[in-house]
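Every number in this text was worked out from the coordinates using simple rules, so none of it is lab data. Values in this document were obtained by computation on a predicted structure and should not be read as measured data. Note that we place each Cβ from the backbone using ideal geometry, even for glycine, and neighbour counts take in every protein chain shown.
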Amino acid sequence: MHGDMKLFDSHCHLQDERLAGRLDAVIERACRAGVRRIICCGSSESDWHRVAELADRYDFIRPAFGLHPWYIAGRSKDWLADLERFLTERPSMTGEIGLDHAVDERNDEDQEAVFAVQMELAARLDRPVTIHCRRAWDRLPVLLKEMKTRPRFMIHSYSGGAELMGPLAELGAFFSFSGSITLNGNRKGIRAAAACPADRLLLETDAPDIPPLLPDGRRAEMSEPASLTLVLKVAAAARGVSDVDLAAQVWENSCRFCDLET
Ligand SMILES: [Zn+2]
C-alpha cells in the first residue's frame, strides 16, 4: 500500500497451534502488508523448540524465549539451564515473562521469583526482554527498581495507563501497543498510545491473540502479523501523525530496542 513502509511486529506467537497449517498464508499476508521483522515469543518450556525452528527457517523472525507466568507451575527442575541454552544458541530476546494478577490460581511469590531470575539472566546475557503485566502495576515498578542490573525491556500490549508511563519510562521501559487499542471503548489504551514518548513506542499484534477490530466494524477471528496495519492506523490517529511517519519511527525504535540494523 505505501511503497516501502516497513512494519515491525514486536510481539507475537507464530508457533501457536492455532496458526499451524495456515502459517505460509499468514506469512505471505504479512509480507504483502509490509511487515519486515517479527519477534516471535515462546512462553513455556514446551514451545521454545518450535520458536527456534521458526527463527532458523525465516530470517525475518527474531526468537524470544521465556517462561510466562501462566506456565510456571509445572516447570521442570532444569528449566533455567534449558532457557539459557536457547538464549545463547542464536541471536534472541528474553520473553514472554512477567506478572499476572488476573489469573485464578495465583502464587505471587513464585511469579516474582521466576520473573526476577529471568531478568537477571537477560541482563547477564544482554538480551532485551518482553514483559507481560496484567493488573500487577503496583508490583512491577517496585521489582524493576530493586534489580541491581536491569536489562533493556518493553511492556507488551501495554495496559497500565498514561499516568504510569513516566515512572516506567524513567526505568527504561519501551511500550508496545496491540490490537486492544482498536477495540471500541479502549480510551485508556488510546490515551496511553497518544502520551507515549516517541522514542519508546513499539507496535505488535500478539498474534494469534487480541484480534483487532476490522474496518467494517466486525472483530477479526484471530490476529496475525498483517493485522499490524490496523494497530498502526489507530495509534497514528491517536498521536495525530501519518501512518507512514509513525511506521518509520516505530521501525527505528524497534531496531534500536533489538540491536538490529535499521
Ligand atoms: Zn503474548
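Things to note:
- Helical runs (DSSP H, four residues minimum) scored at -39500 (n - 2.57) apiece and divided by the length of the chain put the mean residue ellipticity at 222 nm at -11500 deg cm²/dmol.
- Amide proton proximity set for R219, modelled H, under 5 Å, gap of 5+: L214
- For the range 7-258, the dipole from Cβ point charges (+1 on Lys and Arg, -1 on Asp and Glu) about the Cα centre works out to 700 debye, to the nearest 20.
- The chain: proportion of alpha-carbon pairs further apart than 32 angstrom, %: 16
- Taking L183, L228, L203 in turn, the Gaussian network model of the chain (Cα-Cα springs below 10 Å) assigns the largest fluctuation to L183.
- FRET E, pair E120, R36, Förster distance 30 Å, beta-carbon r, rounded to 0.05: 0.40
- With a Förster radius of 22 Å applied to the C-beta separation of K188 and R29, the computed FRET efficiency comes to 0.15.
- Per-residue HN-Hα couplings for the range 201-215 [Karplus 6.51, -1.76, 1.60; θ = phi - 60°; Hz; x = Gly/Pro]: 8, 10, 10, 8, 10, 6, 3, x, 7, 6, x, x, 7, 7, x
- V35 long-range amide H proximity, modeled H, under 5 Å: L7
- Remark: the range 222-238, residue by residue, has Karplus-estimated 3J(HN,Hα) of 8, 9, 8, x, 4, 5, 4, 4, 6, 5, 4, 4, 5, 5, 5, 4, 4 Hz, where x stands for each Gly or Pro and the curve is 6.51 cos²θ - 1.76 cosθ + 1.60 at θ = phi - 60°.
- Each of the peptides 6-18, 138-150 was scored by the mean count of other Cβ atoms within 10 Å over its residues; in descending order, highest first, they stand as 6-18, 138-150.
- GNM flexibility winner over the chain from C41, C133, C31 (Cα, springs under 10 Å): C31
- The alpha carbons of the range 1-121 give a radius of gyration and a Dmax of 15.7, 50 Å, in that order.
- By DSSP, the beta bridges lying fully in the range 73-219 are antiparallel in about 5 percent of cases.
- Length released on extending from V244 to D104, taking residue separation times 0.36 nm less the Cα-Cα span: 46.2 nm
- Within the listed set E120, E45, E170, the Gaussian network model of the chain (springs between alpha-carbon atoms below 10 Å) gives the highest mean-square fluctuation for E170.
- Under Karplus coefficients 6.51, -1.76 and 1.60, residue-wise ³J(HN,Hα) of the range 100-106 in Hz, glycine/proline x: 9, 9, 9, 8, 5, 9, 9
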